[in-house]
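One structure is given below, encoded as structure tokens.
The values are calculated or read from the model by the stated rules, or taken from the named source; none is laboratory data. Remember, it's a predicted structure, so these values are computed and weren't measured experimentally. Cβ placement follows ideal geometry from the backbone for every residue including glycine, while neighbour counts extend to all protein chains displayed.
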Ligand code: VG1
Ligand code: CO
């Protein structure tokens, strides 16, 4: 096998964000751009020599080309083996599972997740470590450092690999194993959930729609829901992965999964609705005429996990990202287990999961997962909900209303202001930061601030510190507003304003969410001077 050592110059903008490196697809298609990042990744982890790597992606435009490049670079860098999902497809949780199952040294996942795909849209790449989880900050920082000094990369001068045929191939000394993307993942799900019980649920006439949003979960959902669990054909919508997600935005929230929402918000709608994102790690859960916020979903799953065989002995702890509501904390307190509050991004859950401190984790952005892999897992959440509904023999609405009666309700919504000029967004955050020392005791509209700070996280397992992780303002009313800038966007800056209002057990649990959050929202907007600094009067997306 001939190896080309190609001279290159660093790109200055290869700093991984919340979840890997995300850029416009055309940026990734520039000569050397992907290659530099892959070589920097290998260099940052002591090289690829002798290693086994899992490679796959969400099927978006440029996925297959990128995989061919990565395979050739792995071969040139001396990797022993690459395990690749057939067709180049692997959902993020399935990739995480394959790394763990095969005791691989890590993996490269090609995805920009919930961002749109296509030649003029977004692409991304992420490195996961041997535990199956996204590389922690120490490694992503080391990768970034490498990208700034890189002067060459190595790539095999070899023919493209046939990605469609399952089985073994060889590239020089490196073996390439093309695997079915679904089967090992499906076995894992069968080991965690009571498939017979869920089959009975469908046999009893229970109806469901799962919107795969033309993204990677289609084949997984069809195999598991329709083939293994006997849900009627047609349960899975938009189940064929497309390179451009049919021009859609594969983000499972009420805005981007509107068709499913419309179907569910009707007395004639199915009993249960769910959707997943581009790479299959997010989930949206909807009942007939009721939307389950991701923060509530985390709380309900934590409280009921013991109903599924995989969690029958209970859970060791719960973790949630800081902007996620406090609903999960109340469940942890009731169960007598610890609750951890981490920065945004799944990489912060890895150490807690590895150390056995938590079993279930979640984020307000529609991510929930457990210690079965080291990524959030969309279909896992859907199956756990189904298992719980099958056991409790109740509707989603009944389960949720019961939950609020037991724990109180956290009204919750996120308002995104997208494509802001970077300077305006940074100065808004800088200004907020400067207000922090004097906020306590001040009143904005009807809300009095009790405390305000900028969130930082000391990892209890490895002692690492992560600073500047979002600004939190707590109000006397039990409300909270959080401000942070997105780390996954590819254009300008996105300001995320997270709003929460707790209403106790005996309070009113049937208000309209935006109505219940009105006072907190008005106070938040007043104190951050949004309109003055950005000229924006309305959010682009409300989830
Ligand atoms: C967003 C979400 C965060 C999630 C991340 C990756 O990050 O807020 O909760 O972990 O996306 O999700 P940010 O920095 O844009 O707020 V995925 O499914 O896009 O990999
Ligand atoms: Co995702």
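Some notes on this structure:
- A single member of 34, 53 is away from ligand 1 (no atom under 16 Å from the Cβ), surrounded by 15 or more Cβ atoms within 10 Å (Cβ to Cβ) and without any contact (Cβ under 8 Å) to a residue 60 or more places away in the chain, and it is 53.
- Test for residue 59: is it assigned to a loop (DSSP other than H, G, I, E, B) and within 16 Å of ligand 2 (Cβ to nearest atom): yes
- Filter result for residue 79 (under 14 Å from residue 47 (Cα atoms) and not in a helix (DSSP H, G or I)): yes
- Looking only at segment 101-123, and only at residues there that are buried (at least 21 other Cβ atoms within 10 Å of the Cβ) and not in a loop (DSSP other than H, G, I, E, B), the one that is farthest from the chain's Cα centre (by Cα): 106
- Contacts under 7 angstrom Cβ, first residue in segment 5-24 being in the same structural domain as residue 123 (by TED's automatic domain parsing) and away from ligand 1 (no atom under 14 Å from the Cβ), partner in a loop (DSSP other than H, G, I, E, B) and at pLDDT 95 or above, 6 or more apart: 7/151; 8/32; 8/150; 8/151; 10/150
- Single residue of segment 454-479 satisfying the filter (free of Cβ contacts under 8 Å to residues at least 60 places away in the same chain and surrounded by 14 or more Cβ atoms within 10 Å (Cβ to Cβ)) that is farthest from ligand 1 (Cβ to nearest atom): 477
- Scan segment 98-131 for residues that are within 15 Å of ligand 2 (Cβ to nearest atom) and more than 18 Å from residue 63 (Cβ to Cβ) and the total you get is 0.
- Qualifying position, being touching a helix residue (DSSP H, G or I) at 6+ places or on another chain (Cβ under 6 Å), more than 16 Å from ligand 2 (Cβ to nearest atom) and either part of a helix (DSSP H, G or I) or not assigned by TED's automatic domain parsing to the domain that holds residue 485 (or both), among 280, 314: 314
- Note on segment 223-280: among residues that are surrounded by 19 or more Cβ atoms within 10 Å (Cβ to Cβ) and at positive phi, the one that is nearest to ligand 1 (Cβ to nearest atom) is 280.
- Only listed residue being within 16 Å of ligand 1 (Cβ to nearest atom), assigned to a helix (DSSP H, G or I) and either outside the structural domain of residue 166 (by TED's automatic domain parsing) or at pLDDT 95 or above (or both), chosen from 64, 95: 95
- Annotation: residue 387 fulfils all but one of (1) in contact with a helix residue (DSSP H, G or I) (Cβ under 9 Å, 6 or more places away or on another chain); (2) outside the structural domain of residue 199 (by TED's automatic domain parsing); the unmet one is (2).
- The residues of segment 108-141 that are closer than 12 Å to residue 373 by Cβ and more than 14 Å from ligand 1 (Cβ to nearest atom), listed by number, are 131, 132.
- Odd one out for residue 502, checked against (1) surrounded by 14 or more Cβ atoms within 10 Å (Cβ to Cβ); (2) over 16 Å from residue 433 (Cβ atoms); (3) at pLDDT below 95: (3)
- When 78, 85, 46, 32 are screened for being at pLDDT 95 or above and under 30 Å from residue 192 (Cα atoms), only 85 passes.
- Residues being buried (at least 24 other Cβ atoms within 10 Å of the Cβ), touching a helix residue (DSSP H, G or I) at 6+ places or on another chain (Cβ under 6 Å) and in a helix (DSSP H, G or I) - total across segment 320-376: 3
- Scan segment 362-397 for residues that are in contact with a strand residue (DSSP E or B) (Cβ under 9 Å, 6 or more places away or on another chain) and away from ligand 1 (no atom under 16 Å from the Cβ) and the total you get is 8.
Yes or no, residue by residue, for (1) surrounded by fewer than 22 Cβ atoms within 10 Å (Cβ to Cβ); (2) in the same structural domain as residue 277 (by TED's automatic domain parsing); (3) more than 20 Å from the chain's Cα centre (by Cα):
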site	(1), (2), (3)
126	no, no, no
130	yes, no, no
148	yes, no, yes
161	yes, no, yes
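- Taken over segment 16-28, the criterion of being within 26 Å of residue 4 (Cα to Cα) and touching a helix residue (DSSP H, G or I) at 6+ places or on another chain (Cβ under 8 Å) is satisfied by 21, 27, 28.
- Taking the criterion of being crowded, with 20+ Cβ neighbours inside 10 Å, farther than 21 Å from residue 400 by Cβ and away from ligand 1 (no atom under 16 Å from the Cβ), the residues of segment 304-319 that qualify are 310, 317.
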